[in-house]
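The values are calculated or read from the model by the stated rules, or taken from the named source; none is laboratory data. Nothing here was measured: the structure is a model prediction, and the numbers come from that model. With ideal geometry, Cβ positions are generated from the backbone for all residues, glycine too; neighbour counts draw on all protein chains shown.
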Amino acid sequence: MHNLLNINSLSSDIVLGLIQRSLALKRGAQPHAKSLTVANLFFENSTRTHSSFQMAELKLGWQNIFVNPQTSSMTKGESLLDTLKTLKAIGVDVAVVRHSQNAWYTTALQNSGQPTPYLVNAGDGSGQHPSQSLLDLVTIYEQFGHFDGLNIRIVGDLAHSRVARSNAEILNQLGANLTFSGPEYWYHDDFNQYGQFVAIDDMWESLDVAMFLRVQHERITQVENQNFSTAQYHQAYGLTHQRYDALKSDAIILHPAPVNRDVEIADDLVEAPKSKIFEQMKNGVFARMAILEWVGQDSRVDHSAR
Ligand code: CP
């Protein structure tokens, strides 16, 4: 079996295998027969990731036990590591965890005592979001059939985005041409290794994919929140009608959601023909099925799109 903590720890072959498998499951392929017991622990709020992992587990025929961090013994001071060891002791094979702490899994991986379940990272702070990244890749691949040479721009709150961090590295690895836009104070130089920071309208008409990021009001400072103007942000960095019309006819718009309507994307463009936002959510179930199958797979067996 495997942990899945960071999509960038996987080889391109494994990632492409997971994309093919997600699309095969979407077309109706039978899930692999192995059935495991999983616990979903969400220490940060979530609609899409939580409910689509649950849906993926149901579709795979896995047993799912409900653990609510807010009513668990962690409120009495039990550590995440001891919670995970407890779940393993009572028979949980896989734990899907979302946590506000970056790399929450480090202590569990260093632990040499009682084992923990195999771990799936459902989003760690501003670190990584591997299942979101896979569903984004599935949606791009479904449209274009490849990544090589695609012009992809990631726009917005790059500083706080685990989605941007996960996607930048893997899209670069798969051969896409990446550029970044948004407020300069939310740009980090560590993105330079994957692509250039440009003005949003620079070569806009050449883009194949425009990926917008949510402004993460819960992670920015009080002063930044006080000075934030919805209308100014939308005009400067959002998907306006003018920008929508200037995109190529087969270009696609992505956003991990939840969307701040009229901030990152004009309200009536969220469901516009070039927007794949709800298709991303649909693909998320199949991507998470493919991830869980891979996590449950014997490490000696190659993943395939069977
Ligand atoms: N995209 C995403 O992670 O959404 P949730 O926070 O609702 O899970």
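Name the single residue, out of those in the range 95-108 being in contact with a Leu (Cβ under 8 Å, 6 or more places away or on another chain) and not in a loop (DSSP other than H, G, I, E, B), that is surrounded by the most Cβ atoms within 10 Å (Cβ to Cβ). Of everything passing the filter in the range 95-108, V96 is surrounded by the most Cβ atoms within 10 Å (Cβ to Cβ).
For Y105, indicate whether it is within 19 Å of R162 (Cβ to Cβ) and away from the ligand (no atom under 16 Å from the Cβ). Judged against the criteria, Y105 is a match.
Is it fair to say D136 is of a type in the set (D, E, K, R), out of contact with any His (no Cβ under 8 Å at 6 or more places or on another chain) and within 23 Å of F42 (Cα to Cα)? Against the criterion (of a type in the set (D, E, K, R), out of contact with any His (no Cβ under 8 Å at 6 or more places or on another chain) and within 23 Å of F42 (Cα to Cα)), D136 qualifies.
Applying the criterion of being touching an Asp or Glu at 6+ places or on another chain (Cβ under 9 Å) and in a loop (DSSP other than H, G, I, E, B) to the residues of the range 150-159, the residue that is surrounded by the fewest Cβ atoms within 10 Å (Cβ to Cβ) is L150.
Screening V92 against (1) surrounded by fewer than 18 Cβ atoms within 10 Å (Cβ to Cβ); (2) over 13 Å from the mean Cα position of the chain (by Cα); (3) without any contact (Cβ under 8 Å) to a residue 60 or more places away in the chain leaves a single unmet condition, (1). Would it be correct to say that I140 is more than 13 Å from the chain's Cα centre (by Cα), modelled with pLDDT of 95 or more and assigned to a strand (DSSP E or B)? For I140, the condition - more than 13 Å from the chain's Cα centre (by Cα), modelled with pLDDT of 95 or more and assigned to a strand (DSSP E or B) - is not met. On inspection, E224 qualifies as surrounded by 13 or more Cβ atoms within 10 Å (Cβ to Cβ) and farther than 20 Å from I152 by Cβ.
Evaluation of Q20 against the conditions (1) within 16 Å of the ligand (Cβ to nearest atom); (2) at pLDDT 95 or above shows that the sole unmet condition is (1). If you filter the range 45-76 down to residues that are in contact (Cβ under 8 Å) with a residue 60 or more places away in the chain, among the small types (G, A, S) and within 23 Å of G91 (Cα to Cα), you find that the one that is surrounded by the most Cβ atoms within 10 Å (Cβ to Cβ) is A56. Count of the range 23-44 residues, restricted to those that are at pLDDT below 95 and surrounded by fewer than 16 Cβ atoms within 10 Å (Cβ to Cβ), is 3. Cβ-Cβ distances below 6 Å connect no pair with a first residue in the range 118-141 that is more than 30 Å from K85 (Cα to Cα) and assigned by TED's automatic domain parsing to the domain that holds L292, a second residue that is at pLDDT below 95 and more than 10 Å from the ligand (Cβ to nearest atom), and a separation of six or more residues or different chains.
Is it fair to say V223 is β-branched (V, I, T) and either at pLDDT 95 or above or under 18 Å from E279 (Cβ atoms) (or both)? Judged against the criteria, V223 is not a match.
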